[in-house]
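Engineer: The following block contains the structure, expressed as structure tokens.
The values are calculated or read from the model by the stated rules, or taken from the named source; none is laboratory data. Keep in mind that what you see is a predicted model, and the values were worked out from it rather than measured. A quick note on method: Cβ atoms are made from the backbone with ideal geometry, for glycine too, and the neighbour counts reach across all protein chains shown. The accessibility values were calculated without ligands, DNA or RNA, using every heavy atom of the protein model including side chains. Shrake-Rupley method; radii C 1.70, N 1.55, O 1.52, S 1.80 Å.
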Amino acid sequence: MSLLIRQGEIVTESERYVADIFCEGETITRIDKNIPSTAGIEVIEAEGKYVFPGFIDPHVHIYLPFMGTFAKDTHATASQAALIGGTTTFIEMICPNRSDRPLEAFELWLGKAQGKSACDFSFHMGVTRYDAGAESDFRDIVQRGVASFKVFLAYKGALGVTDEELYKTLSLAKQLGVITTAHCENADLISALQQKLLAEGKTEPKYHYWSRPPFVEAEGVHHLLAFAGATGAHVYIVHTSCEGALNMAIAGARRGLQVWVETLIQYLLCDQTDAEKPDFEGAKFVMSPPLRSKHNQDVLWDGLLSGTIATLGSDHAPFDFKDQKEMGRSDFTKIPNGIPALEDRVNLFFTYGVQKGRIDLHRFVNAASTQAAKLFGLFPRKGAIQIGSDADLVIYDPTYRGKISAKTHHMNLDYNAFEGMELEGRPHIVTVRGKIAVRDGQFVGDPSRGKFLQREPGHF
Ligand SMILES: [Zn+2]
């Protein structure tokens, strides 16, 4: 059935105007004033609401064997939670073990998602080892539509790569025209600081911060950028949490390096004191890099406003408080890392960014949707409201008022780090390629309609 969205205020990264949108099949086919409705067309009245391009989360973990356990969401639960929150596409990290064959890991992750996701999805290919066999697999994986890599400078011995492997990965990325996303923290420093803290009997969640202070992250960014400079590769720094790391990236960009920065909603709204909460409550807020002191929040908001920070992700990594976070009760290094935010990212960004006057609507759309589409080769199919774009639309109600709670969220998780926070806005209707998937906080779509989005390399 065709869709007609009437009288909404269309907001993209650069435009804002009232018009009707007509969607036929999976795409937007007409944008005009007063498009007549005819029989057999589903009409959505959007007067007083914004119409945004579907939001894109550039950094999520769903299938994730990590720190001796598995992340809690399935592609079914995660994709429906994403859609309810306005995210119509996510890019998941494939995180193989060093001993796994990359092509088999790709098949495993693809198999977990295919036919089980309600929203569209893509992947970043984790490079956790580099040798001749792996290189051949990476070439095949890029050919099959995964036009980005992920490297970890942290998690030594598990996911982390050596400098030689980093150099080879970035050289291949440059040759193939793909971007490399990177977790930037100095693995050796972390390991030394963890051992020192534990030896001093400092085992509580709050010491997680002191095992990875800001200089550990800033050094990681500096380190990555030396290799980006040596290879000419395009790099994207995931989950940037603090001023020191951001400044390092800005300095690299000024030197002419091709570098982009992602931050997370967690770093904008939570801080170090959350992870210091007593009775192990702080474990809910353990992630890497850690939550920072509050002054970093202003720096990150300013970066989003000025564009020195390109994107806002969630780094969704759901581990239950009971049973899973509990694994680290007597040793903070064993707390599974992650603060899940896939469902709430967009609503929190709108509420505390747009409604509080910290960023304008265009920057909001750019950082939460369009910029990711451009960087990762999905634009203008995604991240745009144009004729020919996929009809992924979020008809957004800025007058909605509500509160976040684990009791009502849709992620498969026993807590919510944003528990009790007020929301001023949420999606009224969300469409995926021309079909309604969400109405007022309820998933009403086809749970297996999500498609694997193949991305072409070489769009730089
Ligand atoms: Zn991550």
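Engineer: Within the bounds of the range 207-214, is there any residue that is under 19 Å from ARG129 (Cβ atoms) and surrounded by 24 or more Cβ atoms within 10 Å (Cβ to Cβ)? Show your work before the answer.
Structural biologist: Going through the range 207-214, the residues under 19 Å from ARG129 (Cβ atoms) turn out to be none.
Within the range 207-214 (the criterion being under 19 Å from ARG129 (Cβ atoms) and surrounded by 24 or more Cβ atoms within 10 Å (Cβ to Cβ)), the answer is no, since none of the residues qualifies.
Engineer: In the range 234-248, how many are buried (at least 21 other Cβ atoms within 10 Å of the Cβ), closer than 20 Å to SER314 by Cα and away from the ligand (no atom under 16 Å from the Cβ)?
Structural biologist: Residues flagged as buried (at least 21 other Cβ atoms within 10 Å of the Cβ), closer than 20 Å to SER314 by Cα and away from the ligand (no atom under 16 Å from the Cβ) within the range 234-248 amount to 2.
Engineer: Sticking with this structure for a sec: Just give me the residues in the range 275-296 being buried (at least 20 other Cβ atoms within 10 Å of the Cβ) and either modelled with pLDDT under 95 or not in a loop (DSSP other than H, G, I, E, B) (or both), in sequence order.
Structural biologist: Residues of the range 275-296 buried (at least 20 other Cβ atoms within 10 Å of the Cβ): 275, 282-292, 296.
Across the range 275-296, the qualifying residues are ALA275, GLY282, ALA283, LYS284, PHE285, ASN296.
Engineer: Another question, if that's okay. Quick check: is even one residue across the range 309-328 in contact (Cβ under 8 Å) with a residue 12 or more places away in the chain and at positive phi? Before the answer, list the steps.
Structural biologist: Keep residues of the range 309-328 that are in contact (Cβ under 8 Å) with a residue 12 or more places away in the chain, which gives 309-322, 324-328.
Narrowing the set further to residues that are at positive phi leaves 315.
Yes, the range 309-328 contains a residue that is in contact (Cβ under 8 Å) with a residue 12 or more places away in the chain and at positive phi.
Engineer: Let me confirm something: among ARG101, ARG16, which residue is within 25 Å of LEU305 (Cβ to Cβ) and among the charged types (D, E, K, R)?
Structural biologist: Numbers: ARG101 fails: within 25 Å of LEU305 (Cβ to Cβ).
Sole residue among the options that is within 25 Å of LEU305 (Cβ to Cβ) and among the charged types (D, E, K, R): ARG16.
Engineer: Scan the range 36-66 for residues that are open to solvent by less than 10 Å² (accessible area, probe 1.4 Å) and either hydroxyl-bearing (Ser, Thr, Tyr) or more than 16 Å from the ligand (Cβ to nearest atom) (or both) and report the count.
Structural biologist: Looking only at that region, the number is 7.
Engineer: Let me ask something else about it. Look at the range 135-168 and say how many of its residues are closer than 22 Å to LEU108 by Cα, out of contact with any strand residue (DSSP E or B) (no Cβ under 6 Å at 6 or more places or on another chain) and open to solvent by less than 40 Å² (accessible area, probe 1.4 Å).
Structural biologist: 5
Engineer: Any idea which of LEU453, LEU413, LEU393 is over 23 Å from HIS61 (Cα atoms) and in contact (Cβ under 8 Å) with a residue 24 or more places away in the chain? Give the derivation first.
Structural biologist: Values: LEU453 fails: over 23 Å from HIS61 (Cα atoms); LEU413 fails: over 23 Å from HIS61 (Cα atoms).
LEU393 is the lone residue from the list that is over 23 Å from HIS61 (Cα atoms) and in contact (Cβ under 8 Å) with a residue 24 or more places away in the chain.
Engineer: Evaluate the range 361-375: report whether one residue or more is open to solvent by 10 Å² or more (accessible area, probe 1.4 Å), not in a helix (DSSP H, G or I) and not basic (Lys, Arg).
Structural biologist: No, every residue in the range 361-375 fails to be open to solvent by 10 Å² or more (accessible area, probe 1.4 Å), not in a helix (DSSP H, G or I) and not basic (Lys, Arg).
Engineer: Considering the range 406-431 alone, what residues qualify as being part of a strand (DSSP E or B) and in contact with a Cys (Cβ under 8 Å, 6 or more places away or on another chain)? Step through it out loud before you land on a result.
Structural biologist: To start, the set of residues in the range 406-431 that are part of a strand (DSSP E or B) comprises 422-431.
Within the range 406-431, just THR431 meets the criteria.
Engineer: Still on this structure, I have one more. What residue, among those in the range 159-169 that are free of Cβ contacts under 8 Å to residues at least 60 places away in the same chain and touching a Ser or Thr at 6+ places or on another chain (Cβ under 7 Å), is nearest to GLN454 (Cα to Cα)?
Structural biologist: Of the residues in the range 159-169, the ones free of Cβ contacts under 8 Å to residues at least 60 places away in the same chain are 160-162, 164-165, 168-169.
Checking which are touching a Ser or Thr at 6+ places or on another chain (Cβ under 7 Å) leaves us with 161, 169.
Numbers: VAL161: 26, THR169: 21 Å.
So, considering only residues that are free of Cβ contacts under 8 Å to residues at least 60 places away in the same chain and touching a Ser or Thr at 6+ places or on another chain (Cβ under 7 Å), the one nearest to GLN454 (Cα to Cα) is THR169.
Engineer: Considering ALA192, ALA132, ALA199, which residue is free of Cβ contacts under 8 Å to residues at least 24 places away in the same chain, open to solvent by 20 Å² or more (accessible area, probe 1.4 Å), farther than 20 Å from LYS334 by Cα and among the aliphatic types (A, V, I, L, M)? Before the answer, list the steps.
Structural biologist: Values: ALA192 fails: farther than 20 Å from LYS334 by Cα; ALA199 fails: farther than 20 Å from LYS334 by Cα.
The conditions single out ALA132.
Engineer: Say whether the condition of being farther than 13 Å from ILE62 by Cα, at pLDDT 95 or above and open to solvent by less than 10 Å² (accessible area, probe 1.4 Å) is met by at least one residue in the range 107-117.
Structural biologist: no
Engineer: Could you run through the range 67-94 and say how many residues are in a loop (DSSP other than H, G, I, E, B), crowded, with 23+ Cβ neighbours inside 10 Å and within 16 Å of the ligand (Cβ to nearest atom)? I'd like the intermediate steps shown before the answer.
Structural biologist: Quick first cut of the range 67-94, residues in a loop (DSSP other than H, G, I, E, B) only: 67-68, 71-74, 85-86.
Retained after the next criterion (residues that are crowded, with 23+ Cβ neighbours inside 10 Å): 71, 73, 85-86.
Right, trim to within 16 Å of the ligand (Cβ to nearest atom) and you get 71, 73.
Matching residues across the range 67-94 total 2.
Engineer: Which of the following residues is under 18 Å from ASN412 (Cβ atoms) and touching a Gly at 6+ places or on another chain (Cβ under 8 Å): SER122, SER79?
Structural biologist: Working: SER122 fails: under 18 Å from ASN412 (Cβ atoms).
Result of the check over SER122, SER79: SER79.
Engineer: Does any residue of the range 308-329 turn out to be among the aliphatic types (A, V, I, L, M), surrounded by 24 or more Cβ atoms within 10 Å (Cβ to Cβ), at pLDDT 95 or above and in a helix (DSSP H, G or I)?
Structural biologist: No: the range 308-329 contains no residue that is among the aliphatic types (A, V, I, L, M), surrounded by 24 or more Cβ atoms within 10 Å (Cβ to Cβ), at pLDDT 95 or above and in a helix (DSSP H, G or I).
Engineer: Could I ask something else about it? Being closer than 27 Å to HIS409 by Cβ, in a helix (DSSP H, G or I) and either of a type in the set (Phe, Trp, Tyr) or open to solvent by less than 10 Å² (accessible area, probe 1.4 Å) (or both): is that true of LEU304 here? I'd like the intermediate steps shown before the answer.
Structural biologist: On the way: closer than 27 Å to HIS409 by Cβ: yes; in a helix (DSSP H, G or I): yes; either of a type in the set (Phe, Trp, Tyr) or open to solvent by less than 10 Å² (accessible area, probe 1.4 Å) (or both): yes.
For LEU304, the condition - closer than 27 Å to HIS409 by Cβ, in a helix (DSSP H, G or I) and either of a type in the set (Phe, Trp, Tyr) or open to solvent by less than 10 Å² (accessible area, probe 1.4 Å) (or both) - is met.
Engineer: Six or more apart or on different chains, Cβ under 6 Å: which pairs go from a residue in the range 143-158 that's in a loop (DSSP other than H, G, I, E, B) to one that's open to solvent by 20 Å² or more (accessible area, probe 1.4 Å)? Could you list them?
Structural biologist: Hits for this filter: GLY145/GLN454; ALA147/GLY377; ALA147/PRO457.
Engineer: Could you please find all residues in the range 376-399 being open to solvent by 60 Å² or more (accessible area, probe 1.4 Å) and part of a strand (DSSP E or B)?
Structural biologist: THR399
Engineer: Looking only at the range 1-16, how many residues end up being surrounded by fewer than 13 Cβ atoms within 10 Å (Cβ to Cβ) and either farther than 30 Å from ARG455 by Cβ or small (Gly, Ala, Ser) (or both)?
Structural biologist: 1
Engineer: Something else: Between a first residue in the range 280-297 that is closer than 17 Å to GLU219 by Cβ and in contact (Cβ under 8 Å) with a residue 12 or more places away in the chain and a second residue that is assigned to a loop (DSSP other than H, G, I, E, B) and aromatic (Phe, Trp, Tyr), which pairs have beta carbons less than 9 Å apart while being 6 or more apart in sequence or on different chains?
Structural biologist: SER288/TYR155
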